[in-house]
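J.: Sharing a structure below in structure tokens format, with a few things to ask.
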2 protein chains.
Amino acid sequence: MAAGRALRLLPLLAAAATVVLEPAAAVWPQPQVEGYPPGGGRCLLPPRRFRFAYAAGSAVGPGCAVLEAAFQRYWALLFAAARPTENEPSWGMPCTQLLVFVATPGCDGFPSLDSKESYKLSVLEGSLLLSADAVWGALRGLETFSQLVGRDENGTYYINKTEIVDFPRFPHRGLLLDTSRHYLPLRAILETLDVMAYNKFNVFHWHIVDDPSFPYESSTFPELSKQGAFNAMTHVYTASDVQTVIEYARLRGIRVIAEFDTPGHTLSWGPGAPGLLTPCYLGKDPSGTYGPINPILNSTYQFVTSLFQEVSAVFPDFFLHLGGDEVDFSCWKSNPKISAFMKEMGFGKDYKKLESFYIQRLLDIISSLGKGYIVWQEVFDNRVKVRPDTIIHVWKNSIPYMEEMANVTKAGYRALLSAPWYLNHISYGQDWMAAYQVEPLKFEGSPEQKDRVIGGEACMWGEYVDVTNLAPRLWPRAGAVAERLWSNVTVRDLQDAYVRLADFRCKLLGRGVQAQPLYIGYCENEFDSIPAERR
Amino acid sequence: MAAGRALRLLPLLAAAATVVLEPAAAVWPQPQVEGYPPGGGRCLLPPRRFRFAYAAGSAVGPGCAVLEAAFQRYWALLFAAARPTENEPSWGMPCTQLLVFVATPGCDGFPSLDSKESYKLSVLEGSLLLSADAVWGALRGLETFSQLVGRDENGTYYINKTEIVDFPRFPHRGLLLDTSRHYLPLRAILETLDVMAYNKFNVFHWHIVDDPSFPYESSTFPELSKQGAFNAMTHVYTASDVQTVIEYARLRGIRVIAEFDTPGHTLSWGPGAPGLLTPCYLGKDPSGTYGPINPILNSTYQFVTSLFQEVSAVFPDFFLHLGGDEVDFSCWKSNPKISAFMKEMGFGKDYKKLESFYIQRLLDIISSLGKGYIVWQEVFDNRVKVRPDTIIHVWKNSIPYMEEMANVTKAGYRALLSAPWYLNHISYGQDWMAAYQVEPLKFEGSPEQKDRVIGGEACMWGEYVDVTNLAPRLWPRAGAVAERLWSNVTVRDLQDAYVRLADFRCKLLGRGVQAQPLYIGYCENEFDSIPAERR
């Protein structure tokens, strides 16, 4: 039954699938530099006595919310399964604490594109030291530490001696979730943020509204969600929900970049914002349907200014994602007032000029609000005048995306890559491999151009995804993107990645993540939908 | 972002996605005959008083385990969400009981290929009557009844007047799970049986062992799982587990057909059954690897006889699935003793003859145990002499499967269709539609041939599927196969099916099933991983 065929096609991987790894052998994503001290050896961790603590001279110390919360999380992840009656190991070198040193102060701020995420982790004779420039790097190091801890056959916790110097290859490592095509409950978003942190992702791109629904509860325009959400009571994100997401993300070193995509992809805005969308015409009369935002009215820009004033205040990140993709011109073309405006403006029949007219005004509004912006590639393709520090998000596959990366960076703009990382697109088999093999800098261009690639994002669009299948579709597939964006350019071996990713996936199951299998095999602890603390 | 593209390709479906159905409007799979009494009207169900009861003259009554358990299940499914303080409806026609009439006695037996599953459900003025030939039909009718019950905006339970006469188009409507490539915990199998019953599936084809692992604990040969399971303690099905599955299935009118696939697909048998598998050779010496079961040794047939003696006793169904697919001849070809045997037997270089030699002896053993058998199509393709009542399972797509269906039935054998229903094969988009549009009898053949098609099976092979993604991959996609096998040949309208299946999927969420969405939209009650009774 076709079954067998796949087995024969992948003999190496089939063999690898049954390799039982030393739990401590692998870190995902692979650290930049890992050295093993001569002689080897390991350090035993006594669960009841083990503590995280601050090293002498650390610029942050007790009371630092980001680290205190992380210490609690990682202690629970590491030792929650330890039985309270567990004997402490009576032999070997014990390590009772991990000392954390942070060079620069700051615990209450938000991570940003410029945050330092580098860290150094030393596991030496009886001592564990994690040092980092900033708390954000300490978070990454804690994750690495947690993946290095194993349990031997007696249940004793240990960590092998090692010295890791680590830092991200790209500063923007994002994951997009779409909460408009299907509503995702708050819990699903928070759980995704947890697993993002395990993968060292640092940007949650929240594609929060779109054509099908408007779940964002706006304080300025409450009718938008009242009229535009699937259900205005149950399928919305309240102001409190949004704050919860932002703080939950901050505590994990993750930025939240909200996308309010205009002028297309706004059908759900219409009912709650009369006059905002373009009325489409059938011959001489309005057809009763609506198109993109109406770019010819002053009221449109008043609305957009007010909405983005609110959004800019709610979302602390410097960047907003403004969309700007896939504007369908047919409705604009049908509308006689738009035609008149086109003539008046001298745009001829070039509706791209009308689109640019809107985008230009939008960008000016956002700039005046003191925010930076990311836009989908059409804004660049259509030659809209943007600020030099604009980030262009490359998503199309109609032309080779590497040409677009070359063009965008040649024009001096920063680029974000998503085109090969649409993880909502699924196919039979190990499709994580294609995502893994992408090399974001493999295009013709100067070193300066390459420097303008700030990273990429895995996208999970919501046509066919909701809370029922989000986690297994995302994990561990998105891990392929996470490693590509974090690890060294030289880390590309598929067989090695397979073994480590399969192992990482087993770790995710142990953490209660519903991560699907890569291929035939098993994990010592399979997924259990009932969390450890409730069993 | 490509997102929008899909939306434009499916405008009709996009529109349908936001249709909010009257919960009571749809039944999945669609009943054969549904009549609405003139005048319409509805009957209100008071949750605290509502009871299932036996009609006068019913051949089964109190104490019938199959029905008593079903009454409890459906009462809980219908009314578990009712608040204990709920007011009874004070107006309208109340229906306080569903009377069940079963014409023929029998509560303790197992369902079989010949079981009668027809039923009639009448919802008339103040009276609810379900009548059936046998308890198995009563189970199907209870499921239909449960899908017809709705709740109005005040929370009042109701059912619209209707008269349904229903029966299955095909008697064998199966679902295959593969517990060898990944182990599925008992809980996952039981939950799948629940959802199978919601879909009126009636055969659980348990592909219990295969190359990667042997999780079946044999009392005769305990070493098979001790050596062949992924983990002999945690990744096995004990005798008690197997009995639990069989009884759980029986109570839902589902047959359990176990598959012990030979002579290929048996690598995991090797370690626990020394001498059973063929040693492969590299040149003149054994290579240390093994191939299919060794067909030239008497000890092989002694082993097979003992194992199937046990299996025949453990699994009560008349049929066993014997596999017989995808035998790889390369190992046999390498082995000098096999070559000598081939010569002695006059098989020349035709290894199909050797395969047939094995299968023929296997089938004789199974016949002598008083069991019937199902085999994969290769057994027929290779012209093995089989009993006239053999069922041939069509799975290959290398030639059009309809040719194979024609050939099998022309040769006088009964046929089961799975080729177009490999649900482990996934693709982007609404791939349930292809499964739905299959017509099993669309081949050239006489009416007698068509009569030999006893049904089909949806297959969920386990290369990429385990407990983390089983439910969302199965449901509601397998529902497409369920309706094709149950409903009338004329029920084929995709748009109508989309609306009903989307509605059914929302019902599944309400029952705690992690069923994935068909397309953009929402359900009033989204999936919550915490079951209602534990919330």
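J.: Length gain on complete extension for the stretch A:GLU163 to A:THR490, per 0.36 nm per residue less the alpha carbon to alpha carbon distance?
T.: Stretched fully, the A:GLU163-A:THR490 segment lengthens by 115.8 nm.
J.: Out of all DSSP beta bridges with both ends in the protein assembly as shown, state the antiparallel percent to the nearest 5.
T.: Here the antiparallel bridges make up roughly 35 percent for the protein assembly as shown.
J.: Placing the label point 7 Å from Cα along the Cα-to-Cβ direction, what are the distances from B:THR96 to the equivalent spots in the other copies, shortest first, in nm to one decimal?
T.: Going from nearest to farthest copy, the values are 7.1 nm.
J.: In Å³ and rounded to a whole number, note down the convex hull volume per residue for the Cα atoms of region A:256-332.
T.: Normalising the Cα hull of region A:256-332 by residue number yields 93 Å³.
J.: What helices does chain A hold that run 18 Å or longer along their axis, going by alpha-carbon atoms, with a Kyte-Doolittle average of -0.5 or more, using DSSP H for the helix calls?
T.: A:65-79, A:135-148, A:186-198, A:298-314, A:351-368, A:494-510
J.: To continue, here is another question. What percent antiparallel are the DSSP beta bridges of chain B, to the nearest 5?
T.: Close to 35 percent.
J.: Would you please state which residues of region A:36-66 a label at A:CYS107 would reach in this model, taking the label point 7 Å out along Cα→Cβ and a backbone N cut-off of under 20 Å?
T.: Correct set: A:51-66.
J.: Quote to one decimal, in nm, the extra length available between A:TYR36 and A:ASN525 on full extension: 0.36 nm per residue of separation minus the C-alpha distance between them. Spell out each step's value before the answer.
T.: On the way: separation 489, 0.36 × 489 = 176.04 nm, distance 2.84 nm.
Result for the pair: 173.2 nm of gain on full extension.
J.: Would you work out the relative contact order for region A:332-481, in percent, from Cα pairs under 8 angstrom that are 6 or more residues apart?
T.: 18 percent
J.: While we're here: Name all residues of region A:303-322 having a backbone nitrogen under 17 Å from the label point set 7 Å from the Cα of A:GLN243 along its Cα→Cβ direction, giving them as ranges.
T.: From region A:303-322, the list is A:310-317.
J.: Now for a separate question. Report the rotationally averaged projected area of chain B based on its alpha-carbon convex hull, in square nanometres.
T.: Convex hull of Cα atoms, orientation-averaged projection: 28.0 nm².
J.: In nm², what is the average projected area of the convex hull enclosing the Cα atoms of region A:205-322?
T.: Details: hull surface 30.1 nm².
Result: 7.5 nm².
J.: Taking C-beta distances below 4.7 angstrom as the pairing criterion, name the unpartnered cysteines of the protein assembly as shown, in sequence order.
T.: That list is A:CYS459, B:CYS459.
J.: Under a plain spin-label model, where a point goes 7 Å from the Cα along Cα-to-Cβ, how far apart in nm are A:SER330 and B:ASP350?
T.: 6.1 nm
J.: Just how large is the dipole of the protein assembly as shown about the Cα centre, in debye to the nearest 20, putting +1 at every Lys and Arg Cβ and -1 at every Asp and Glu Cβ? Before the final figure, lay out each step's value.
T.: Working: 100 positive and 114 negative charges, 84 e Å.
Here the protein assembly as shown has a charge dipole of around 400 debye.
J.: Then there is this: For B:LYS284, which lysines qualify as cross-link partners when the Cα separation must be under 29 Å and same-chain residues fewer than eight apart are set aside?
T.: Leaving aside lysines fewer than 8 places away in the same chain, those within reach of B:LYS284 are B:LYS333, B:LYS337, B:LYS343, B:LYS349, B:LYS352, B:LYS353.
J.: Please give the FRET efficiency for A:ASP285 paired with A:SER446, using the beta carbon to beta carbon distance and R0 = 56 Å, rounded to the nearest 0.05.
T.: 0.50
J.: Here is a further query. Just need the relative contact order of region A:222-328 here, percent rounded to a whole number, with Cα pairs under 8 Å and 6+ apart.
T.: Numbers: 125 pairs, mean separation 34.4, N = 107.
Worked out over region A:222-328, it gives 32 percent.
J.: Still on this structure: With +1 assigned to the C-beta of every Lys and Arg and -1 to the C-beta of every Asp and Glu, and no other charges, what is the dipole magnitude of region A:385-535 about the Cα centre in debye, to the nearest 20?
T.: 320 debye
J.: Mean separation of Cα pairs under 8 Å and 6+ residues apart, divided by the residue count of region A:353-402: what relative contact order is that in percent?
T.: Details: 40 pairs, mean separation 18.5, N = 50.
Taking the mean separation of contacting Cα pairs over the length of region A:353-402, I get 37 percent.
J.: Using only the Cα atoms, what convex hull volume per residue in Å³ does the protein assembly as shown have? Walk me through the numbers on the way to the answer.
T.: Details: hull volume 225.2 nm³, N = 1070.
Residue-normalised Cα hull volume stands at 210 Å³.
J.: Tell me what the protein assembly as shown gives for mean residue ellipticity at 222 nm when only DSSP H runs of n ≥ 4 count, each as -39,500 (n - 2.57), the sum divided by the residue total, rounded to 500 deg cm²/dmol.
T.: Details: 36 runs with 362 residues, N = 1070.
The helix-only estimate for the protein assembly as shown comes to -10000 deg cm²/dmol at 222 nm.
J.: Taking N as the number of residues in region A:288-353, what value does Rg over Cα atoms divided by 2.2 N^0.38 Å take?
T.: Against the empirical 2.2 N^0.38 Å value, I get 1.35 for region A:288-353.
Here, each number is a calculation from the coordinates, and none is a lab measurement. Note that this is a predicted model, so its numbers are computed, not measured. Cβ atoms come from the backbone with ideal geometry, glycine included; neighbour counts cover every protein chain shown.
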